[in-house]
Each structure stands twice: as structure tokens, then as C-alpha cells.
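See below for the structure under consideration.
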Amino acid sequence: MNRFFRSALLALALCAPASAHAHNHDPVDTDWAIALHGGAGTLSREAMTPEREAEYTASLQAALDAGAAILAEGGTAEDAIVAVITILEDDPLFNAGRGAVLTWDGGISHDASIMLGDSRAAGATAGTSTVRHPILLAQEVMRDGRHVFLSGAGAEEFADRTELERMEPEWFITQPRVEALERYRANSTASLADDEHRYGTVGAVARDRHGNLAAGTSTGGMTGKRWDRIGDAPIIGAGTYADNRACAVSATGTGEYFIRANVASSICNLMRLTGMGPREAADNLMAEVAELGGSGGVIVVSPQGEAAFSFNTSGMYRGRANSEGLNEVAIFAEEGGE
Ligand code: ASP
């Protein structure tokens, strides 16, 4: 199946006439659309109290509303996704900014990236621990334009040249993350891929009134990560991608597999070269991730303003809204629309 898709893609890329680029699915044209996620994983109803569910739902809704308001007023997709992500970075419920998961040594190591669909300008940072909003640092890298991807001490040094707000690394550390690390370290058989260790990454994708797409992702990575491990979130093409000709994508899940399947740009390529819709293209890539042994999910928005989710876990914190009145947040797989 996947081999078939690869060959089909290659054949189309090599010899397809321009007409093959037309979309053969049936999109609803919307003025603007936005989707967000707050991570995916094995989320069981038993482990989720009604109070906790209400907290998550309220947080997701507040972030979604902030992004939707910007788009409704004619603001850019870039501004909308940055607004969503900065709100979720400040929210300790999610694994980004404050409340990020901890490294093996108990430290903070943020990864973030952003990409714009019109220029395909992109910025990404990995392994920072003092920038309050890592997505804004990625945006500064993109605006500076000399490089796309900065890491570690160099990324901090670059941050020194900006006006961005800085915090002591301790400010980002929360008690639940300290306890999660203790559990992880006490269980020598736990793997980075254990579900408990990996939900909460945040991301957003949007299509604005001007027809431009943007995508961004921000995370603390995985509990107990070592050796300056970098996941998919800051890797353009793996965790984040935007191309006005195809789609905008943000991913969450076991990053190693998303890197190997080059998830975000592969979804866009499938859409662009085969005319596949966002849901179908996303399902294809999530099937590939599952086949390799990984799990997680993606959010996708198309140039026509379709906002789709695909995930192979029992839940994904997610939300979407558009100019036609769609506005929903959901957590478990059986909730929400298609
Ligand atoms: N994808 C992130 C990483 O691998 C983790 C997550 O999405 O929960 O760092």
C-alpha cells in the first residue's frame, strides 16, 4: 500500500501534466480556518476527571477563540497561529513553554518551529531553556532569515539579540512534570514512546482571508530525553510544514517516527501531487507512522480552508474553527466531527 503510494507519487511528480494538480476531492471553500492541537496519546476516560476535562476544554477553547478572532478580523495566518501557541505555551497543562516535560537531568529543553505557506519562510529552534515563548524565538529566526534552524547555546545567544521575554529555567518547571520524571527514572523499562510520557505538545495551522497558510509547533519533547535529543517538532518537514500550494501541518507524537516518515511535508506532497484531500493524506501518513511503530496525530488545513485531524491514538487534544461557523474542541477519538 505505502510502496504503491510512493511509486504513484514519484510517477506523478515526474510526468504529471498540470491538470493532475487540480483537487479532485470536494472541498468547502471558507474564508478562513484554523485548527490546533495540544498533543495526542492514550487518553482514557477513567483517568480524566470531569474537572480536568473541563480545564483542558476551557484552555483549548480560549486558544482557539484567540486565533479565530484574529482571522475573522482579517489578520494573518501567522499572527493567528502564534497567538494560539503562545497561549498554550503559558498554560502548564500542556507540554510546551511553562509546564514542559523534563529532560533526564531534570532540565528544560524547548523545541519550536514555524513556517509560512506563501514564501515558505521557516524558523526553528531546539534545546532552549530561557525563552518564555519558544514559538516567538522560532519566528525571530524566520524573520532574521539568515538561517532556518538554531540550537542550544547558539539559539540562546541569538535570543540575547532580540527583545524576547526571558525566564529562569526553574520558572518553566511544574510539580506534575517533576513527578512524571521521577516515575520515568524509577522505571528502567519505560521507553520514550510510553504514552504517559508524550502528550501535551502544542501546534496550530491556519488559512487566512488572504489565502495564506501557516503552521507552528512548540514542545518540551519527551520526558527523560537525553543527549540533547531533538524531536520532530522543530524539524521543518517532519513536525511542521506550510505551502500555499498544498497545506499546513503540525504534528504531535513519538517524534522519532515522524522524522523518519517526514510526516508534515509528505502530507503536503500527497495533496499537491495527487489531489488528495487533507484527511485522506493525513490518514495515509499516520498509517505509515503506525507501520513503523510510532503513534500520534496531525492537524492539517488546506488552501480551500478545510481543517482536518488524523491520529492513531485514543485521543488528541484538538480544536478547529472556520468562517462558516464551525467551532469545536474535542479530546477523545469518538468526539467531534470528521
Ligand atoms: N513530537 C514530540 C517530540 O517527539 C512529542 C509530542 O508530540 O508529544 O518531541
(message) For a Förster distance of 25 Å, can you work out the FRET efficiency between the beta-carbons of E280 and H210, rounded to the nearest 0.05?
(response) 0.40
(request) Leaving ligands, DNA and RNA out of it, report the carbon-plus-sulfur percent of the accessible area of the chain at a 1.4 Å probe. (result) 50
(request) Output the Kirkwood hydrodynamic radius of segment 76-211, Cα pairs only, in Å rounded to one decimal. (result) 15.6
(request) At 1.4 Å probe size, with every protein chain present, just tell me what the per residue accessible area of segment 281-337 comes to in Å². (result) 29
(request) Quickly estimate the mean residue ellipticity at 222 nm for the chain, helices only: each DSSP H run with n ≥ 4 gives -39500 (n - 2.57), and the total goes over all residues, rounded to 500. (result) -11000 deg cm²/dmol
(request) Find me the longest stretch of the chain that has none of the exposed trypsin sites (Lys or Arg not before Pro), where exposed means in a DSSP loop (not H, G, I, E or B) with at most 16 other Cβ atoms within 10 Å. (result) 246-338
(message) What figure, in Å² to the nearest 10, do you get for the accessible area of F172 with a 1.4 Å probe and non-protein molecules left out?
(response) 0
(message) Could you give me D for the chain, from Stokes-Einstein at 37 °C and 0.692 mPa s, where the hydrodynamic radius is the Kirkwood radius over C-alpha pairs? Units µm² s⁻¹, please.
(response) 169
(message) Can you give the FRET efficiency to the nearest 0.05 for E334 and E168, using r as the Cβ-Cβ distance and R₀ = 41 Å?
(response) 0.45
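Can you tell me, using C-alpha contacts under 8 Å and at least 6 residues apart, the relative contact order of the chain as a whole percent?
Computed value for the chain: 25 percent relative contact order.
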(message) Per residue of segment 72-82, what does 6.51 cos²θ - 1.76 cosθ + 1.60 with θ = phi - 60° give for ³J(HN,Hα)? Whole Hz please, x for Gly and Pro, Karplus curve as stated.
(response) 5, 7, x, x, 7, 4, 4, 4, 5, 6, 5
(request) Give me the distance in nm between label points sitting 7 Å out from Cα along the Cα-to-Cβ direction at R226 and R185, one decimal. (result) 1.2
(request) Give the residue from V178, S113, I135 lying farthest towards the positive end of the charge dipole for the chain; charges sit on Cβ (+1 for Lys and Arg, -1 for Asp and Glu) and the dipole is referred to the Cα centre. (result) S113
(request) Take the Cα gyration tensor of segment 43-96, multiply each eigenvalue by 5, square-root it, and list the three semi-axes largest first, rounded to whole angstrom. (result) 26, 11, 7
(request) When a/c is below 1.5 the answer is rounded, else prolate if a/b is larger than b/c, else oblate, so apply that to segment 54-128 with a ≥ b ≥ c taken from the square roots of the Cα gyration tensor eigenvalues. (result) oblate
(request) Compute the distribution of all C-alpha to C-alpha distances in segment 193-289, in bins of 10 Å from 0, and list the percent of pairs in each, rounded to whole numbers. (result) 18, 47, 27, 8, 0
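The values are calculated or read from the model by the stated rules, or taken from the named source; none is laboratory data. Predicted, not measured: the structure shown is a model, and the values here were computed from it. All Cβ positions, even for glycine, are placed from backbone atoms using ideal geometry, and neighbour counts span all protein chains on display. Side chains included, ligands, DNA and RNA excluded: accessible areas come from the protein's heavy atoms. Shrake-Rupley method; radii C 1.70, N 1.55, O 1.52, S 1.80 Å.
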